[in-house]
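Only one structure is covered here, and it is reproduced in the block below.
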Amino acid sequence: METLDRPASPAPAARSRRPWWRSKRLLAVFAVLGPGLVAANAGNDAGGVLTYASAGAQFAYKTLFLMVLVTVALVVVQEMCSRLGAYTGEGLGGLFREQFSARSASGALMLLLVANVGLRSEFAGVGAAFEILGVSRYIAVPAAAVVLWSLTVLGSYSKAERIFLVLSLAFLAYPIAAFLGHPNTKEVFSKLLWPHFPHTAAFAVLAVALIGTTITPYMQFYVASAVVDKGITGATYAKERVDTVLGAIWSDVVAVFIIIATAAAIGGTGPLQTAKDAAAALTPVVGSAAPYLFAFGLLGAALLAAAVVPLSTSYAIADAAGAPRSVSNSLREAPLFYGLFTFQIVVGAAIALAPGNLVALVVNAQVLNGFITPVLLTYVLILANRRSVLGDAVNGSRFRVVATVCVAVVAVLSFLVLLYTLKGLF
């Protein structure tokens, strides 16, 4: 009986020659990483890191269950935004203009502008990082602003972004610090799996700050526009959904470890006063080098967000105005887009140079973000529920319920903090 010639199977030794870091499975994972991961990494900005560290320092492990809830909400929100970008081919700014009245759309974009320009904390993070290294913020912040603007407008922002992401990897020391700091394991799991919320105004304010720094408005606007900018469509959205969901979960896993590490090191000592206090949580890992490792990580996170935050505003407003809005455009081709970016860089740097406690400035900015977030999320939820916008990709009945609950909880917490604040004033 005649047999067909078939290529010989590779020997077992030949199969194993390919290094693990070049395996098809691992490369497939990295291939889907994109806007979702960048947006999530930018969410762990200077404001996020210092707010998470402050939560661990002030309330030890008591905010962990809240972070589990916030993670669910972040996944839901980011997925809706990336889906809106992929299936409509427009950023949130353009969708607001088309789907809502001029007054409503303008109001939403004004809130984003206030959150991204008036409440900037990224350059405050740059200043705090350099002060750990012994460099005055009055030198470091203007220099960082000029370099960041030049890299984004005149150079290649994508290359600069990779550098910032590498610097931000210093925060991977927090999971190690969480274990080496010998936290109370029983208490950690207890607080992760069951709520232990103190009924105090301070805890309520910090809860809103955690929400404001985790589900940050600029992340939603950025991921929707970046998906469009990258050319992702409904036909190729499946991979982007993986990127978005994994990015959101990963960013909050890091946040939880920051809280645990800080709680194990200095939990119960009260709110952070300086960035050096936050660095103390890394002492079990690197000893006396902890402040320097923390400073470099904080700097990378702050610079990444200092670029992404103004880009999200520029995307939204230029999109709403129907003007060119891409980092691929030149300065001459997109004057409105880059003009808005420049304005925000200048204002953000000026705010960071104002006298005062940089840590307090950062945390308070996240509280104000927490007030603005539920309003903007309501707009996103309405869009994702409209079949006229998304067609068959519209929110399903179960997803709609989960998304509505997430937005409602964020709104209720923000309202409670507002009541606490008014009570304290009067």
Return the distance in nm (one decimal) between the two label points of a simple spin-label model at Ala350 and Val135, each offset 7 Å from Cα along Cα→Cβ.
2.4 nm
In nm, spacing of pseudo-spin labels at Phe343 and Ala202 (7 Å Cα→C-beta vector):
4.0 nm
At 4 °C in a medium of viscosity 1.567 mPa s, segment 59-135 has a Stokes-Einstein diffusion coefficient, with Rh taken as the Kirkwood radius over alpha carbon pairs, in µm² per second, of 81 µm²/s
Taking a 1.4 Å probe, which of Ile351, Ile211, Ile176 shows the most accessible area, and what order do the others take after it?
Ile176, Ile351, Ile211
Relative contact order in percent for segment 206-351 (Cα pairs under 8 Å, 6+ apart) equals 23 percent
Once fully extended, how much extra length lies between Thr233 and Leu193, figured as 0.36 nm per residue of separation less the alpha-carbon to alpha-carbon distance?
10.6 nm
Given q = 0.17, 0.18 Å⁻¹, what are the Debye log10 I(q)/I(0) values for segment 222-325, with equal point scatterers placed on the Cα positions and solvent ignored?
-0.92, -0.97
So how many Å³ per residue does the convex hull of the Cα atoms of segment 258-318 work out to?
102 Å³
Cβ crowding within 10 Å averaged over residues, with 188-194, 46-52 ranked highest first
46-52, 188-194
Which FRET efficiency value, to the nearest 0.05, do you get for Glu98 and His182 by plugging their Cβ-Cβ distance into 1/(1 + (r/R0)^6) with R0 = 41 Å?
0.15
How do the peptides 407-414, 126-133, 387-394 rank, highest first, by the average count of neighbouring beta carbon atoms within 10 Å per residue?
126-133, 407-414, 387-394
Which length gain, in nm to one decimal place, applies between Leu331 and Trp250 when the Cα-Cα distance is subtracted from 0.36 nm times their residue separation?
25.7 nm
Can you work out D for segment 231-285 in µm² s⁻¹ from Stokes-Einstein, where Rh is the Kirkwood radius over C-alpha pairs, the temperature is 10 °C and the viscosity is 1.306 mPa s?
116 µm²/s
Ranking request for peptides 292-298, 58-64: highest mean number of other beta-carbon atoms within 10 Å first, then the rest in descending order.
58-64, 292-298
For a quick size check, give me the Cα extents of segment 168-212 along its three principal axes, largest first, whole Å.
32, 28, 15
Identify all aspartates and glutamates with a Cα-Cα distance to Lys191 below 16 Å; exclude those on the same chain that are fewer than 8 residues away in sequence.
Asp252
At 7 Å along the Cα-to-beta-carbon direction for both Asn385 and Thr269, put a label point, then send me their distance in nm to one decimal.
4.6 nm
Alpha-carbon Rg with Dmax, taken over segment 168-301, Å:
17.5, 52
Two-site FRET efficiency, Leu113 against Ser397, from Cβ-Cβ distance with R₀ of 35 Å, rounded to 0.05
0.50
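The values are calculated or read from the model by the stated rules, or taken from the named source; none is laboratory data. From a predicted model like this one, the values you see are computed outputs, not experimental measurements. With ideal geometry, Cβ positions are generated from the backbone for all residues, glycine too; neighbour counts draw on all protein chains shown. Each accessible area value is taken on the protein alone, full model and side chains, heavy atoms only, with ligands, DNA and RNA left out. Shrake-Rupley method; radii C 1.70, N 1.55, O 1.52, S 1.80 Å.
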